[in-house]
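First the structure, in the form of structure tokens, and then the observations on it.
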Amino acid sequence: MAAQYGKDLLIKIDMNGGGQFETVAGLRATRLSFNAETVDVTNLDSEGGWRELLAGAGMRSAAISGSGVFRDADTDERARALFFDGTVPEFQVVIPAFGTIQGPFQITSIEYAGAYNGEATFEMSLASAGAISFVAAP
């Protein structure tokens, strides 16, 4: 993957449950991470004393986080409503020249902050709540 601008990594939210994704407004920084738990099956017969892992046995998860400036746009309002309702909508993360990750995520935290002489900011974190799909960029 070639070098690219961080501003091009987008977090999008399904606004009405019908597949209409909109970019979360005001984001300045975004992050996506994938995790997989391991299942250790090392035993006395393991070759050369090296650890052995059971392929495909661990639980996989994804996490999304973002921070930015508070804009009170439709996406901000939707994120707040989803957090307080505890619902799990579809999100997309678009990584240009790589692909799009999509699946159900739960908003696990929203933080708002503001300095006396600065802008109001927010941070939000999401945790995967089901199977995630990946579509490679053309």
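The values are calculated or read from the model by the stated rules, or taken from the named source; none is laboratory data. Because the structure is a prediction, the values reported are computed rather than measured. Neighbour counts run over all protein chains shown; Cβ positions are idealised from the backbone, glycine included.
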Does residue 130 count as assigned to a loop (DSSP other than H, G, I, E, B), closer than 20 Å to residue 27 by Cα and either modelled with pLDDT of 95 or more or not aliphatic (A, V, I, L, M) (or both)? no
Considering segment 88-105 alone, what residues qualify as being at pLDDT below 90 and within 19 Å of residue 62 (Cβ to Cβ)? 95, 96, 98
